[in-house]
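K.L.:
What follows is a single structure, and I will ask about it in a moment.
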Amino acid sequence: MNETRRLFLLSAIAGLAGSASLAFAPALAGAALPFHSATEVLRAFAAAQPALSYHAAGPDDGRPIVLARNPGDRIESYTETASLLAAQGYRVLLPTLREANAAALGHDLLGFIDSLHIPEAVFIGSGQGAQAARAAASQRRTRIIGLVLADGAPAPTTVPTIGLAAGATPQQMADAAATLARQGKWRT
């Protein structure tokens, strides 16, 4: 690669890295400079982001509903709720959350929908998943159409919320999420 093209690519990547959240700065700061290729810069940038795997159900063009499950919970415990919502035409996303405090998990949920280019969604959560959804709503309420919280804790007043008991059934959670999705004020 000629030197001019190499410098152009590196400056473009540096611009991307500079516009990234400051949360990624520590990982990028530890990278050895100068980078030998643009690929190395991209790898360092990608390594700084928390990796979230996820499962999806329902049509790609359905209204998004994010099931924020407890870290370590098996996906099988959420498949019935996801199936009920997918059968109604909703796009159900089940990200795998890491072990962290509620604020960090809320940030992860917002980053998750950002990575999928989803401007807004309904969130369902129980236990730590409910705390993460509540934190996401407090951080960026405009991204949350509504919350279904199955933890018995007080509901936030910033976004439409349906609070359920901690032992809510999959049918109750799906019905509550569908109600919020139908009544929500979607921008898109």
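The values are calculated or read from the model by the stated rules, or taken from the named source; none is laboratory data. It should be emphasised that the depicted structure is a prediction, and the values quoted were computed from it without experimental measurement. Using ideal geometry, Cβ is built from the backbone for each residue, glycine included, and neighbour counts are taken over all protein chains shown. For the accessible areas, the whole protein counts, side chains as well, though only heavy atoms, and no ligand, DNA or RNA atoms are used. Shrake-Rupley method; radii C 1.70, N 1.55, O 1.52, S 1.80 Å.
K.L.:
Figure the gain on full extension for ALA87 and THR142 (residue separation times 0.36 nm, minus the Cα-Cα span) and round it to one decimal in nm.
P.N.:
Contour length minus Cα-Cα distance gives 17.1 nm.
K.L.:
May I ask you to list the trypsin sites (Lys or Arg not before Pro) in the range 44-153 that are in a DSSP loop and have at most 14 other Cβ atoms within 10 Å of their Cβ?
P.N.:
Numbers: sites: ARG69, ARG74, ARG91, ARG98, ARG134, ARG140, ARG141, ARG143; in loops: ARG69, ARG74, ARG98, ARG140.
Answer by residue number: ARG74, ARG98.
K.L.:
Can I ask one more? Shape of the range 73-188 from its Cα gyration tensor (a ≥ b ≥ c, root eigenvalues): rounded if a/c is under 1.5, otherwise prolate when a/b > b/c, or oblate?
P.N.:
It is rounded, given that a/c, with a ≥ b ≥ c, falls under 1.5.
K.L.:
Pop out the ³J(HN,Hα) list for the range 139-144 in order, Karplus 6.51 cos²θ - 1.76 cosθ + 1.60 with θ = phi - 60°, rounded to Hz; leave Gly and Pro as x.
P.N.:
7, 8, 4, 5, 8, 10
K.L.:
A follow-up question, please. Please sort by residue number the GluC sites (Glu not before Pro) in the range 71-110 whose DSSP state is loop and whose Cβ has at most 10 other Cβ atoms within 10 Å.
P.N.:
Of the GluC sites (Glu not before Pro), the ones in loops of the range 71-110 whose Cβ has at most 10 other Cβ atoms within 10 Å are GLU99.
K.L.:
May I ask you to compute the full-extension gain from LEU116 to THR96, defined as 0.36 nm times their residue separation minus their alpha-carbon distance, rounded to one decimal in nm?
P.N.:
5.8 nm
K.L.:
Here's something else I'd like to know. Per residue, how large is the accessible surface of the range 124-167? Use a 1.4 angstrom probe and give square angstrom.
P.N.:
42 Å²
K.L.:
Could you give each residue of the range 72-81 its phi-based ³J(HN,Hα) in whole Hz, using Karplus coefficients 6.51, -1.76, 1.60 with θ = phi - 60°, and x for Gly or Pro?
P.N.:
With coefficients 6.51, -1.76 and 1.60, one gets x, 5, 6, 5, 4, 6, 10, 5, 5, 4 Hz.
K.L.:
Sticking with this structure for a sec: Of the accessible area of the range 129-185, with the probe set at 1.4 angstrom, what percent is carbon plus sulfur?
P.N.:
Taking all protein chains in place, the range 129-185 shows 52 percent carbon and sulfur surface.
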